[in-house]
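Shown next, in structure tokens, is the structure this report addresses.
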Amino acid sequence: MDHQPVKQLAILLLLTASPALADEPAAPPVEPVPAPEPEPEPAKTDPRLDELTRRLQTLEDELSQVKDDNTYLEEKLQSLLPIAAKLGGYIDAGFFVTDGNGAGTRSDLIGQFYPEYLDKGIPGSWVFMGDPLSTTVNSRGDVADTGESRAIVFDPINSRGKSTFLVNAVNLALFAGLSETASAQVSVDFVPRARDISDVGGVFAGDYVDVKLAYGEWKPKLDDLELSLQAGKFDSVLGFEYRSLESPDRLGITPSLICRYLCGRPIGLKARARLLDNTVIANVAVTNGTHFSEGFTFADETDSNHLKTVAGRLSYLAGGKVELGASGAFGAQDQQTDSGLYQWHVGADVHAEVGDLELTVEYVKGKAKGKTSGMTLAECDDAPCLDYQGAYLLGGYRLTNVFVPYARVDWRDATHESGASFVYISKLVRFTVGLRAEIGTRVIVKAEATLNRELDRIPQFPNDVITTSLVLKL
Amino acid sequence: MGVLRGGALCLLVSTALGCGSEIPDPTLPLLEKHVGFPDVPVDSSNAVALSPAAAALGKKFYFDTNFSGSEVSADMLLRPMTTPGRAAMGQPIKVSCNTCHDVTKGGADQTGDPPGNRVSFGGGAYDVNGQQTVNSAYSQLVYWNGRNDSLWSQIVAVAESHVSINGSRLRVAWRIADAYRAEYQALFPEYPLPAQLDSIAAHKARLEPDGTCKLDGNGMCPTDICHATYGRCTPRFPLEGRPGFVKPGQLPVCDPSTADDILQPYGDAWDCMQLADQLLVNRIYTNWAKAIAAYEATLISKDSPFDRWAEGGFVTGKLGASAERGARLFVGKAACAECHSGPLFMDDKFHQIGVAQVGAYVPKTSECPVGDWCDCVSDDRFEPMNCLPIGARDGLRKLQASRFRRDSVWSDDEECRRHYTAHIDPNYAAEHPDECDGRIAWYSMPLTDELRGQWKTPGLRDVALTGPYMHTGVYTTLREVIVHYNKGGIVETQGGELIGTIDEKVKVLNLTEREIDDLVAFLESLTGVVDPAVTSPPTVPADTPF
């Protein structure tokens, strides 16, 4: 369609319409309206104030946004709290070399040193001199080799006197808050070990999992008392050493010779209270058995009798630097069905931290009376007898932020006898020196050398150890 | 070890204190306790024990199958056997000592013949696996339960056992008279054979078909060769006959109505004999056993690889690495030498080692009720009730009641015989420990319940040849035996009965598989050599038609 005529018509119409407007009468004159007063000019402000105001507004907006976000997160957190948890752990790897065959005992095969046991009808090869746990190589307390030991036969390393690299443990720790006052804690070691799968009767465990801790804790809110109640598999209440069993926590690498009596993780109920402005700590536990460590076969996780073991420790913190503790335990003998067989333990410990110096001294003494049938020459044939005492002194000095040299002296005197099946005569002193290096917050390197010296009639034999540990905290 | 001892550890740790050196290895002194093969011990109860002539004659006896009787197909509890025996019921089993104690195989019953059985078979099924006769002369007591104190008294006992050769002392006497007369007379001139024991053929010619004697021309019983009992004229020396089982203090009574059965298959033939004739036969019977014992005393296995290793001073590598490790374990960790001690690898004692009474013919105490032939309920040391499953508690009781002991009239040990009445007194035994070649303590030993379930420690020389193992024959291989000990006994009771208390030294050993193999290798190194002239089969006289 052609639009040109339409356009022309529109122009015409516009032109004719304008004279008509000019023909209308003129409007009366309008009174002049006073001119409005001009608006005052805004006051001139400080630009910096403006800027601050603007930024304040921005921050207020952001704060409001953050509050909204926080409210949202709090709501989400409340909904997730029952499964909220903290994961942690570490890898502990090392290298060790031992003297001799790696075992801490030797048999008195021909009754050369302790003939009295041959007279009791105990085979000489089953009379063990020395300490089967004197050649520990890591924080778990694993020995390089158990040799021909009969009471302690769990031999996860089985080094046969050879040096070796070793992943001591991969630890996984889990903490979970159950409520405002309740929590649960688990610590598991994954332990990679060799196993001869063709040896169906072998004592090599292969890779295994060691559930070290598994307990629930309740801390009721009390005004003048800090109380903790635990149930499950928890730390020992005896002595001091149990507080630093994990590789990152332990000053050195290996446990003391008396750790076997103090460092177990028993199963039962435990209460801990802090009193008098945290200067007094009381621990009490009722457990299946003793607080012996599991690697030491006198202990057992499950109970075999009805009489439970009651153990406790009372400590006093003097001047915020020196902790004095006394502990004891009494109960039925481990692994015995007869609840009438008793076992007791007492101990004392001192721990001091003065400046960069840290010192710990512990002493223990205990006895499992055992039972002798009288039917054989050998004693303790119905239930094994254990008579022990021991002590250690451990000192560490923080030389720099990185290096902490340390030294320890152990002493142990024990006899463990079980009919004609075995007798262990342990009388020794052990010297340990080492260096701990903390590289950053997650890497710890330790090296340690141990010298065992036999006492009494036990001959000296090669059972010294050099071991190292690289701890990577996860 | 050397590197460390040489310096690194010492330098780092204890230059001042020094490092320990390994304790001198005491293994060699322990191994040396198994060295020094002794001479065969003196057997004062057997005057011909060391006689070459007796050994030569005894060897023939050992290989002669004519002393054995017939198949009874019954076990030690007189129960019918559930597996085939050596022969059809009632047929001659034709076995000799060598059948179950093969001198080329350690003198043991290795064959498991008939196959599949673990206890030994003779006329019936034993309750135990046969023990070896090689080196048996060194044992104080004989048999798994120690029921005999000499080789000859053991032979006397088994020769009439229905599960063994199921023979009879009269059969022995007639076979000797018929086939060994000259040799016997030469060896035992002081005990001439009675004239009535002339020959089996002549004897049979004097009998009626019913076994009674033919009467003389006057219709009388010929009293020189026969005698009249209960109106019957019977031979003074029947071809077969043995005493029935009588309790101590009771005398056998002649009762012709006695029915033949497993234990007394020849009726009352023996019990109806004149006492003087019985004594004559008993003398022949014990002399026969003493000749066999003289032969067994020559069955000595030595010069094994272990012996040669010892003679060479236990040089490393000479026995083989595995066997040498096994030797160390034997005297060390495994503590085998606690019981298998000395050059013979035995302690002449009894132990409960955790082997259950298991097997088709191995009795349990519940199968021996009061009043039965095997009776585990009635129990009195003066009245053996034949409780077979309880081992030494039963065997030593039988020894204490034995009529063929070293202090019996059949023994040649005059000193021991003279004090027979004192041997019930333990104080006397304590004051005269060497009397009766050192066996005296056993005669008055208190029969405590500790002995229940204990069995005698076997020697280990030639042990690789003597399977199956344990008194029940429950294990076929040495490895199984070591696994048994490694687990502290009782590997598998298979529904059997474990009697008594396991010895305090039978404990879990924690041996590895390799260590078990090493012990087997060491035990195999104990296989020695028996003089081939001793083991070669002799020429045995032709069979006698009984």
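Rule-based calculations on the coordinates, nothing more; no lab input. Quick caveat: nothing in here was measured; it's all calculated off a predicted structure. Please note: Cβ atoms are built from the backbone with ideal geometry, for glycine as well, and neighbour counts cover all protein chains shown.
For segment B:281-375, taking Cα atoms only, what is the radius of gyration to one decimal and the Dmax to the nearest whole Å?
Answer for segment B:281-375, Rg first and Dmax second: 21.0, 60 Å.
Based on other C-beta atoms within 10 Å, arrange B:330, B:404 from fewest to most.
B:404, B:330
Near the amide H of residue B:207, under 5 Å away, which other amide H atoms are found, from residues 5 or more places off or on another chain, if H is placed in the peptide plane?
Sorted by chain and number, the residues that satisfy this are B:214.
Which Rg and Dmax, in Å, describe the Cα atoms of segment A:299-456?
In order Rg, Dmax, the Cα atoms of segment A:299-456 give 19.9, 63 Å.
Residue by residue through segment B:191-204, which ³J(HN,Hα) values in whole Hz follow from phi under the Karplus form 6.51 cos²θ - 1.76 cosθ + 1.60 (θ = phi - 60°), with glycine and proline marked x?
So the J values, rounded to whole Hz, are 10, x, 5, x, 4, 5, 8, 8, 8, 5, 4, 5, 4, 4.
Hey, got the average number of other protein chain Cβ atoms within 10 angstrom for residues in A:94-101?
Taking all residues of A:94-101 together, the mean is 4.
Assuming 0.36 nm per residue, please report the length gained on full extension of the stretch residue B:218 to residue B:42 beyond their Cα-Cα distance.
57.9 nm
Compute the distance in nm between two label points, each set 7 Å from the Cα along the Cα-to-Cβ direction, one at residue B:424 and one at residue A:302.
So the label points at residue B:424 and residue A:302 sit 5.5 nm apart.
Using only the Cα atoms, work out Rg/Rh for segment B:341-403, with Rh taken as the Kirkwood radius, to two decimals.
Radius of gyration relative to Kirkwood radius: 1.05.
On a 0 to 90° scale, report how tilted helix B:321-331 is relative to the longest principal axis of chain B, with both axes built from alpha carbons and the result rounded to the nearest 10.
70
At 20 °C and a viscosity of 1.002 mPa s, what translational diffusion coefficient does Stokes-Einstein give for segment A:246-340, taking Rh as the Kirkwood radius over Cα pairs? Give it in µm²/s as a whole number.
For the chosen part, D equals 145 µm²/s.
In the structure shown, do any of A:67/A:219; A:120/A:371; B:59/B:105; A:86/A:233; A:212/B:333; A:120/B:349 have a Cα-Cα gap over 21 Å, and if so which?
A:67/A:219; A:212/B:333
Computed FRET efficiency, Cβ-Cβ of residue B:195 and residue B:79, R0 45 Å: what is it to the nearest 0.05?
Computed FRET efficiency for residue B:195 and residue B:79 comes out at 0.55.
Which are the unpartnered cysteines of chain A, meaning those with no other cysteine Cβ under 4.7 Å from their Cβ?
Isolated Cys, chain A: none found.
Among DSSP beta bridges lying fully in the protein assembly as shown, give the percent that are antiparallel, nearest 5.
Around 95 percent antiparallel, to the nearest 5.
How many percent of the alpha carbon pairs in chain B exceed a separation of 33 Å?
Percent of Cα pairs beyond 33 Å in chain B: 45.
Please give the average number of partner chain Cβ atoms lying within 10 Å of the Cβ of each residue in A:186-194, rounded to a whole number.
0
Given only helices, namely DSSP H runs of n ≥ 4 each adding -39500 (n - 2.57), what is the per-residue ellipticity at 222 nm of chain B, to the nearest 500 deg cm²/dmol?
That calculation yields -7500 deg cm²/dmol at 222 nm.
Excluding residues on the same chain fewer than 8 positions from residue A:365, give the lysines whose Cα lies under 18 Å from its Cα.
Result set, ordered by chain and number: A:427.
If R₀ is 35 angstrom, what is the calculated FRET efficiency for the pair residue B:493 and residue A:338, using the beta carbon separation as r and rounding to 0.05?
FRET efficiency, residue B:493 to residue A:338: 0.85.
Quote the FRET efficiency, to the nearest 0.05, computed for residue B:360 versus residue A:221 with a Förster distance R0 of 60 Å and r equal to the Cβ-Cβ distance.
For residue B:360 and residue A:221, the calculated efficiency is 0.20.
For segment A:327-390, count all C-alpha to C-alpha pairs, find those more than 14 Å apart, and express that count as a whole percent of the total.
For segment A:327-390, the share of Cα pairs beyond 14 Å comes to 65 percent.
Which whole number of Å³ per residue matches the convex hull of the alpha-carbon atoms in segment B:102-225?
Each residue corresponds to 170 Å³ of Cα convex hull volume.
Which three lengths, in whole Å and largest first, does segment B:394-546 cover when its Cα atoms are put on their principal axes?
Principal extents (Cα only, largest first): 55, 49, 33 Å.
Can you give me the long-range amide H partners of residue B:71? Hydrogens built in the peptide plane at 1.01 Å from N, cutoff under 5 Å, separation of 5 or more residues or another chain.
Excluding prolines and chain starts, which carry no amide H, the hits are B:90, B:91, B:93.
So what is the orientation-averaged projected area of segment A:95-473, using the convex hull of its C-alpha atoms, in nm²?
19.4
Would you mind listing how long segment A:116-257 runs along its three principal axes, going by Cα atoms, in whole Å with the largest first?
Extents along the principal axes: 63, 38, 30 Å.
Over segment A:128-189, what number does the Rg to Rh ratio reach, with both radii from the alpha-carbon atoms and Rh per Kirkwood?
1.20
Binning at 10 Å from 0, report for the protein assembly as shown what percent of all alpha-carbon pair distances ends up in each bin.
Going out from 0 Å in 10 Å bins, the protein assembly as shown shows 2, 9, 15, 16, 13, 10, 9, 7, 5, 4, 2, 2, 1, 1, 1, 1, 1, 1, 0, 0, 0 percent.
Please identify every one of the trypsin sites (Lys or Arg not before Pro) in segment A:205-249 that sits in a loop by DSSP and has no more than 12 other beta carbons within 10 Å of its own beta carbon.
Those that pass, being in a loop and sparsely packed, are A:221.
Pull up the cross-link candidates among the lysines for residue B:398, meaning alpha carbon to alpha carbon under 16 Å and not fewer than 8 places away within one chain.
Answer for residue B:398, where 16 Å is the Cα cut-off: B:247, B:456, listed by chain and number.
Set Lys and Arg Cβ to +1 and Asp and Glu Cβ to -1, take the dipole of the protein assembly as shown about its Cα centre, and tell me which of A:143, B:24, B:313 lies farthest positive.
Comparing the listed Cα positions along the dipole, B:313 ranks first.
Please give the average number of partner chain Cβ atoms lying within 10 Å of the Cβ of each residue in A:105-111, rounded to a whole number.
Across A:105-111, the average partner-chain Cβ count within 10 Å equals 4.
Under unit Cβ charges (Lys, Arg +1; Asp, Glu -1), what dipole magnitude, rounded to 20 debye, does segment A:95-473 have relative to its Cα centre?
Value, rounded to 20: 520 debye.
Order of B:455, B:373 from fewest to most other C-beta atoms within 10 Å?
Least crowded to most crowded, the residues run B:373, B:455.
Can you list the HN-Hα couplings for segment B:126-134, worked out from phi with the Karplus curve (6.51, -1.76, 1.60; θ = phi - 60°), rounded to whole Hz and with x for Gly and Pro?
Each residue's phi maps through the Karplus curve to give 5, 9, 9, 7, x, 8, 7, 9, 5 Hz.
If you take the Cα Rg of segment B:258-326 and divide it by 2.2 N^0.38 Å, with N the number of residues, what do you get?
So the Cα radius of gyration is 2.28 times the expected 2.2 N^0.38 Å.
Tell me, what HN-Hα J-couplings in whole Hz come from the Karplus equation 6.51 cos²θ - 1.76 cosθ + 1.60 at θ = phi - 60° for each residue of segment A:279-295, using x for Gly and Pro?
8, 10, 10, 10, 10, 9, 9, 10, 9, 4, x, 6, 9, 5, 6, 5, x
For a quick protection proxy, order the peptides A:280-287, A:370-377 by their average other-Cβ count within 10 Å, most packed first.
The most tightly packed comes first, giving A:280-287, A:370-377.
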